[in-house]
Amino acid sequence: VQLQASGGGLVQPGGSLRLSCVASGSVVVMAWYREAPGKQREFVALISEGGTTNYGDSVKGRFTISGDRATSTAHLQMNSLKPEDTAVYYCHAKRMIGPRLLDYWGQGTQVTVSS
């Protein structure tokens, strides 16, 4: 499975951005992580194939993840962006292959929040 992420960019504090990730095959979970300079990769949000969502504490109430199971696509709507949201955002997915649950990562997309 290949993951193609898009939608990063430069935005002012308080602004919004929408990230998208498309998987080339069926997956059971799609998620976003982010990595800021000098920091460990941080969980942002996930959505399961059943529509269950979960968010990291730092983005709750500001970010919304949605998905389209038919197209294996996940979107991350980011509102009320803060400078501390600046990071490279990575799409992540899990796929069942028989009894195994495999992890896949996409290329990162840069999000910069700055005035």
Original post:
How much of the accessible area of the chain, probe 1.4 Å, is carbon plus sulfur, in whole percent?
Top reply: 48 percent
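Leaving out ligands and nucleic acids, note down the accessible area per residue over the chain with a 1.4 angstrom probe, in whole Å². Please report the intermediate quantities before stating the final value.
Details: 6130 Å² over 115 residues.
I get 53 Å² per residue for this part.
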Original post:
Cα centroids of the range 1-42 and the range 64-92: how far apart, whole angstrom?
Top reply: 5 Å
Original post:
So for the pair Ser26, Asp57, with labels modelled 7 Å out along Cα→Cβ, what separation do we get in nm?
Top reply: 3.7 nm
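The values are calculated or read from the model by the stated rules, or taken from the named source; none is laboratory data. Nothing here was measured: the structure is a model prediction, and the numbers come from that model. Note that each Cβ is placed from the backbone with ideal geometry, even for glycine, and that neighbours are counted across all protein chains shown. Each accessible area value is taken on the protein alone, full model and side chains, heavy atoms only, with ligands, DNA and RNA left out. Shrake-Rupley method; radii C 1.70, N 1.55, O 1.52, S 1.80 Å.
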